[in-house]
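The values are calculated or read from the model by the stated rules, or taken from the named source; none is laboratory data. Everything numeric here is computed off the predicted structure, so don't read it as measured data. Heads up, the Cβs are rebuilt from the backbone with ideal geometry, glycines too, and the neighbour counts pull from every protein chain shown. Accessible surface areas use protein heavy atoms only, side chains included; no ligands, DNA or RNA. Shrake-Rupley method; radii C 1.70, N 1.55, O 1.52, S 1.80 Å.
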Amino acid sequence: MRKDVRILLVGEPKVGKTSLIMSLVSEEFPDVVPYRAEEITIPADVTPERVPTHIVDYSEAEQTDEQLFQEISKANVICIVYSVNNKKSIEKVTSHWIPLITENTDKDSRVPLILVGNKSDLVEHSSMETILPIMNQYSEIETCVECSAKNLKNISELFYYAQKAVLHPTGPLYCPEKKDMKPLCVKALTRIFKVSDLDNDGILNDNELNFFQRTCFNTPLEPQALEDVKNVVRKNLSDGVCDNGLTLKGFLFLHTLFIQRGRHETTWTVLRRFGYDDDLELNQDYLFPPLKIPPDCTTELNHNAYLFLQSVFDKHDKDRDCALSPEELRDLFDVFPYMPWGPDVNNTVCTNDQGWITYQGYLSQWTLTTYLDVQRCLEYLGYLGYSIIAEQESHASGITVTRDKKIDLQKKQTQRSVFRCNVFGDIGSGKSGFLQSFLGRNLTLQKTIREEHRSYYAISTTYVYGQEKYLLLHEVFPDFDYLSDADMACDIVCLLYDVSNPYSFEYCAKVFKQYFMDSKTPCMMIAAKSDLPEIKQMYGCSPLEFCRRHRMPPPQSFTCNIAAAPSRDIYTKLTTMAMYPHARLRCMCTCNRCTFCLCQNFLNSELLQTVRAKLYAVVLRRHVSQAELTSSTFWLRASVGATVFAVLGFTMYRVLLKPR
């Protein structure tokens, strides 16, 4: 909504411009009228639209043409005042004032005009017969008001219409010549209808209409009022109501009726609630609400956003096969001004046997967008109407900004659910195959992917100790001499080499030594194409010895040249290392059954951390005097504490071991 309204009054001398302003302010006709009234500001709380209004007078006797041009350029609406008993002042409206205003305003944003016929108390006839042809000729003329400054007739109405012409202009909505709404208005209202159609059946039922009414006007419709609205549509449009619900045609007809009856503020209220500006474009503040992201923090969707996206998926998955066909996907994105997902998305997330994006793949793509480009994610949520349907303050409420990774390392735990793995490897080492295998595609399926549809990202879910996490794989272009900050910023590094190429490992070794040897980012070596005969790598030491020297897990064998879907164990290992970068995992299994996994669980348990902290505070951090050190009581307490700690630890170990 506009912050204020600036109204300029122009016209021939002696038509009563100043008298109109003074009659409005003092509520009586002035005995003495100056050449020009000073600029008046009406506070927001006394105007019908609750917007501050500035009223500016023009006097040919006191102002120059240059000053007039400046005032015209600053005005939001211009009232051209004429005298109903003066034909010359009426003729000047078209011969002088409208051309003058047109020349001094931007052609792309025409200022609305109000024709004001003053001194109606001096004549018995109306000037509307003369004015109507002028109104039909100039589309920028919003309305014409006949008034009398002397009798205070229609004075308040005049300035209300002027304010309304700015805040709720007719021009962007309606074409008088065609007597129909303009295409941009129809497009905007069509999107609003589809967003409000929560079950996607093409009809707004009573519940959806009430939700829409409450959303836009903060009050539900009474049952009788709801029936009256539908009856009006039924009488005028045969297919406006279907199954006792409002169709798109009926919805558009209602708004056309509002505009034709001068209630276009109703349509504007709806449009602005759904994020549209005066040009019927989605407002930038609506699409991109402020969101502060500190350095070393990532962005994820929160629970409410996932629930909303799940409802959008269910709304468009008409055949209930837990996948979106191309038609269903187009229908989902019909409320967007463009198609946001290209063919590469099908090679970034999981799909079914027909190549359609599954429910898991759908949520994965949203997670990827949120992580890589949160502003674009906010824009997409805006098109879908997240803040309106989920009844949130803005789309930013659907985003969680994670804490600094340094804090995660200090606390040795993380609350993040998305982890990024950058995959490095020389040309032909098998990086693309590694990414596609994560999505369940073996080598045979990978050969069907067209080069122009290739994706450098792959994202899906993995389970680490029973927790669902997203692993995002990113294939880094093998330019050893230049790695960008994005190439370096990740939770785990995957160094992939081809066991059948003797020179493949050297690239991985160089990347590790130059960029990651001194970093705290965990690294894993992948021996790809393990189905082929292994050839000795032309490097100073073997890959296994290299990993031992640099305290890395041993190289992990991998191949996607199998008949079934590739194993996902290696991706679970990557996610585990990303979640626990402080732990140098000697055991690379994630079975949650072996001694190493059980010990890791036990050592990371909150109960043990609490007990250890309390014992540490009581036994070690307490101020101990020299006398106490020699006291048998002190050593008795210390030994009891140590015994309790050991017994509790052994008990927890047995409890964890028993179910397995």
| task | State all residues of segment 310-335 that are open to solvent by 20 Å² or more (accessible area, probe 1.4 Å) and assigned to a loop (DSSP other than H, G, I, E, B); if no residue qualifies, say none. | result | Lys318, Asp319, Arg320, Asp321, Cys322
| said: I'm told Gly430 meets every condition in (1) outside the structural domain of Met525 (by the TED database); (2) more than 30 Å from Phe193 (Cα to Cα) except one. Can you identify the failing condition by its number? | reply: (1)
| task | Can you tell me which residue among Thr143, Thr170 is without any contact (Cβ under 8 Å) to a residue 40 or more places away in the chain and either surrounded by 16 or more Cβ atoms within 10 Å (Cβ to Cβ) or of a type in the set (A, V, I, L, M, F, W, C) (or both)? | result | Thr143
| said: Given the criterion part of a helix (DSSP H, G or I) and in the same structural domain as Asp485 (by the TED database), identify the matching residue among Tyr507, Tyr539. | reply: Tyr507
| request: Filter segment 229-242 for residues that are open to solvent by 70 Å² or more (accessible area, probe 1.4 Å) and more than 19 Å from Phe258 (Cβ to Cβ) and give the result. | output: Ser238
| Of all residues in segment 407-438 being among the aliphatic types (A, V, I, L, M) and modelled with pLDDT under 95, the one that is surrounded by the fewest Cβ atoms within 10 Å (Cβ to Cβ) | Ile427
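Which one is farthest from Asn86 (Cα to Cα), of the residues in segment 131-165 that are small (Gly, Ala, Ser), assigned to a helix (DSSP H, G or I) and within 41 Å of the chain's Cα centre (by Cα)?
Ala165
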| task | Would you confirm whether any residue within segment 179-186 is in contact with a Gly (Cβ under 9 Å, 6 or more places away or on another chain), under 25 Å from Asp277 (Cβ atoms) and open to solvent by 50 Å² or more (accessible area, probe 1.4 Å)? | result | yes
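Table: residues versus (1) surrounded by 13 or more Cβ atoms within 10 Å (Cβ to Cβ); (2) closer than 30 Å to Tyr371 by Cα; (3) in contact with a Leu (Cβ under 9 Å, 6 or more places away or on another chain); (4) modelled with pLDDT under 95.
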residue: Gly466; (1), (2), (3), (4): no, yes, no, yes
residue: His474; (1), (2), (3), (4): yes, yes, yes, no
residue: Tyr482; (1), (2), (3), (4): no, yes, no, yes
residue: Asp485; (1), (2), (3), (4): no, yes, no, yes
residue: Pro553; (1), (2), (3), (4): yes, yes, yes, yes
residue: Cys560; (1), (2), (3), (4): yes, yes, yes, yes
| note | In segment 35-69, anything without any contact (Cβ under 8 Å) to a residue 60 or more places away in the chain, in contact with an Asp or Glu (Cβ under 9 Å, 6 or more places away or on another chain) and not charged (D, E, K, R) is listed as Tyr35, Ala37, Ile40, Thr41, Ala44, Pro52, His54, Val56, Tyr58, Gln63, Leu68, Phe69
| request: Please go through segment 272-286 and pick out each residue that is under 16 Å from Pro183 (Cβ atoms), open to solvent by less than 50 Å² (accessible area, probe 1.4 Å) and assigned to a loop (DSSP other than H, G, I, E, B). | output: Leu280
| request: Tell me which residues, restricted to segment 382-406, are open to solvent by less than 60 Å² (accessible area, probe 1.4 Å) and either at positive phi or of a type in the set (A, V, I, L, M, F, W, C) (or both). | output: Leu384, Gly385, Ile388, Ile389, Ala390, Ala396, Ile399, Val401
| remark: Note on segment 439-460: residues crowded, with 18+ Cβ neighbours inside 10 Å and in contact with a strand residue (DSSP E or B) (Cβ under 6 Å, 6 or more places away or on another chain) are Leu439, Tyr457, Ala458, Ile459
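Test Leu113 against the stated conditions and say whether it is over 15 Å from Arg263 (Cα atoms), open to solvent by less than 30 Å² (accessible area, probe 1.4 Å) and touching a residue at least 12 places away in the same chain (Cβ under 8 Å). Can you show your working first?
Values: over 15 Å from Arg263 (Cα atoms): yes; open to solvent by less than 30 Å² (accessible area, probe 1.4 Å): yes; touching a residue at least 12 places away in the same chain (Cβ under 8 Å): yes.
Answer is yes for this residue.
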| request: Of all residues in segment 199-228, count the ones that are open to solvent by less than 70 Å² (accessible area, probe 1.4 Å) and either in a loop (DSSP other than H, G, I, E, B) or under 15 Å from Ile389 (Cα atoms) (or both). | output: 15
